[in-house]
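Colleague: Before anything else, here's the structure in question.
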């Protein structure tokens, strides 16, 4: 059955003509959802005197009210495209619902959705609030490694400078604890200061030195070029152990440790990574004590190796996910060669 043609009352035509004269026929047609040819027909009729745009069925006050309604309608049409684009970004990955206005704005700039005008960050925030997209609060993580005051220490080669100009030159490592239904899971990671990429990951039910050994081995297996990098940690017994030092020496990795009497800020990079893991993947989303250790392993591995490395918007990388920033770095070297 053919769709019946939409009909417009006189006042609608009057206000549409006024809007078209103000912003242009094509733009008015798009904002009102009216065919552009129809708008131009009304403009011609009004110009020839066939439509008295000063004699609508309303008084000037009510006519102004209708004009405001049309303006509001046009605004909603524009915001609808933006809202749809943000909903799509939010639905791409489970953890994207933790995007606040800054990362949502950056995601829009990176993706450049077709036909969507990217407004100011403030407008992005307003529309996010209107459609119910809001990020979850973060919780402060607690460090769990304990220092061995008697063990031999390494120098602090990082000195709270967690930046790097190229990949695999400066990295940080740490351990975090997550409670599970059948025990505790200890997660150890190595993060690259260049792009925040997760280079090595190990998860076990104890936090002995072997956990850190396996993390280094996994990182070296994935990135043999890690040889020669500086790897910074706190002064926990795992990192001062002979097993860990021997592992670093085997792979040619240079050890760095928090300064004597150092505080949590001496390894703030790792603390930040764990905070994001817990706020985006775990807190307020699942009760980890309802999940087994093996179930948590799957979730955390997918979060870091799949989502974090390849798709998560990283503000420190000027919007880019870690592996995209890394690839662009290597591409630039080839172009310069």
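The values are calculated or read from the model by the stated rules, or taken from the named source; none is laboratory data. Since the model is a prediction, treat every value here as computed from it, not as a measurement. Every residue, glycine among them, receives a Cβ derived from its backbone with ideal geometry; neighbour counts consider all protein chains shown.
Colleague: Does region 218-230 include one or more residues that are assigned to a strand (DSSP E or B) and over 26 Å from residue 320 (Cα atoms)?
Modeller: So in region 218-230, the residues assigned to a strand (DSSP E or B) come out as 230.
Keeping just the survivors that are over 26 Å from residue 320 (Cα atoms) gives none.
Scanning region 218-230, I find no residue that is assigned to a strand (DSSP E or B) and over 26 Å from residue 320 (Cα atoms), so the answer is no.
Colleague: Can you tell me which condition residue 312 does not meet? The list is (1) more than 30 Å from residue 103 (Cα to Cα); (2) crowded, with 19+ Cβ neighbours inside 10 Å, and all the others hold.
Modeller: (1)
Colleague: All but one of (1) buried (at least 16 other Cβ atoms within 10 Å of the Cβ); (2) more than 20 Å from residue 301 (Cα to Cα); (3) in contact with a helix residue (DSSP H, G or I) (Cβ under 6 Å, 6 or more places away or on another chain); (4) without any contact (Cβ under 8 Å) to a residue 40 or more places away in the chain hold for residue 188; state the number of the condition that does not hold.
Modeller: With respect to (1) buried (at least 16 other Cβ atoms within 10 Å of the Cβ); (2) more than 20 Å from residue 301 (Cα to Cα); (3) in contact with a helix residue (DSSP H, G or I) (Cβ under 6 Å, 6 or more places away or on another chain); (4) without any contact (Cβ under 8 Å) to a residue 40 or more places away in the chain, residue 188 is out only on (2).
Colleague: Quick check on my filter: what residues within region 204-218 are surrounded by 20 or more Cβ atoms within 10 Å (Cβ to Cβ) and either within 24 Å of the chain's Cα centre (by Cα) or closer than 21 Å to residue 275 by Cα (or both)?
Modeller: Across region 204-218, the qualifying residues are 207, 212, 215.
Colleague: On to the next question. Taking residue 167 as meeting all but one of (1) on the phi < 0 side of the Ramachandran plot; (2) under 23 Å from the mean Cα position of the chain (by Cα); (3) modelled with pLDDT under 95, write down the number of the exception.
Modeller: The number of the failed condition is (3).
Colleague: Among (1) modelled with pLDDT under 90; (2) within 26 Å of the chain's Cα centre (by Cα); (3) farther than 22 Å from residue 213 by Cα, there is one condition residue 271 misses while meeting the rest; what is its number?
Modeller: (3)
Colleague: Check 44, 76 and return the single one that is more than 30 Å from residue 317 (Cβ to Cβ), at pLDDT 80 or above and either surrounded by fewer than 16 Cβ atoms within 10 Å (Cβ to Cβ) or touching a strand residue (DSSP E or B) at 6+ places or on another chain (Cβ under 9 Å) (or both).
Modeller: On the way: 76 fails: at pLDDT 80 or above.
One residue alone meets the criteria, 44.
Colleague: Of the conditions (1) modelled with pLDDT of 80 or more; (2) within 23 Å of residue 29 (Cβ to Cβ); (3) touching a helix residue (DSSP H, G or I) at 6+ places or on another chain (Cβ under 8 Å); (4) part of a helix (DSSP H, G or I), residue 119 satisfies every one except a single condition; which number is it?
Modeller: Among (1) modelled with pLDDT of 80 or more; (2) within 23 Å of residue 29 (Cβ to Cβ); (3) touching a helix residue (DSSP H, G or I) at 6+ places or on another chain (Cβ under 8 Å); (4) part of a helix (DSSP H, G or I), the lone unmet condition for residue 119 is (4).
Colleague: Residue 302 versus (1) buried (at least 16 other Cβ atoms within 10 Å of the Cβ); (2) closer than 23 Å to residue 206 by Cα: which is the lone unmet condition?
Modeller: Failed condition: (1).
Colleague: Name every residue in region 12-41 that is at pLDDT below 85, buried (at least 20 other Cβ atoms within 10 Å of the Cβ) and over 21 Å from residue 117 (Cα atoms), in order of residue number.
Modeller: Selection gives 13, 14, 15, 16.
Colleague: Can you confirm whether region 221-228 contains a residue that is buried (at least 18 other Cβ atoms within 10 Å of the Cβ), farther than 17 Å from residue 159 by Cβ and free of Cβ contacts under 8 Å to residues at least 60 places away in the same chain? If you could, list the steps in order and put the result at the bottom.
Modeller: Kept after step one, since they are buried (at least 18 other Cβ atoms within 10 Å of the Cβ), are these residues of region 221-228: 223, 226.
Pick out the ones that are also farther than 17 Å from residue 159 by Cβ and you get 223, 226.
Checking the rest, the ones that are also free of Cβ contacts under 8 Å to residues at least 60 places away in the same chain come to 223, 226.
Yes; the residues of region 221-228 include at least one that is buried (at least 18 other Cβ atoms within 10 Å of the Cβ), farther than 17 Å from residue 159 by Cβ and free of Cβ contacts under 8 Å to residues at least 60 places away in the same chain.
Colleague: Can you tell me which residue in region 122-156 is surrounded by the most Cβ atoms within 10 Å (Cβ to Cβ), limited to those that are over 30 Å from residue 245 (Cβ atoms) and modelled with pLDDT under 65?
Modeller: Applying the first criterion (over 30 Å from residue 245 (Cβ atoms)) to region 122-156 yields 122-140.
In the following step, the residues that additionally are modelled with pLDDT under 65 were identified as 135-140.
Numbers: 135: 17, 136: 15, 137: 9, 138: 14, 139: 12, 140: 9.
Among those that are over 30 Å from residue 245 (Cβ atoms) and modelled with pLDDT under 65, it is 135.
Colleague: Which of (1) touching a residue at least 40 places away in the same chain (Cβ under 8 Å); (2) farther than 16 Å from residue 255 by Cβ; (3) in contact with a strand residue (DSSP E or B) (Cβ under 8 Å, 6 or more places away or on another chain); (4) outside any strand (DSSP E or B) is the odd one out, the single condition residue 166 does not satisfy?
Modeller: Every listed condition holds for residue 166 apart from (3).
Colleague: With the structure loaded, tell me whether residue 281 is without any contact (Cβ under 8 Å) to a residue 24 or more places away in the chain, over 19 Å from residue 212 (Cα atoms) and either in a helix (DSSP H, G or I) or touching a helix residue (DSSP H, G or I) at 6+ places or on another chain (Cβ under 6 Å) (or both) or whether it fails that test.
Modeller: Here the answer is no, as residue 281 does not meet what is asked.
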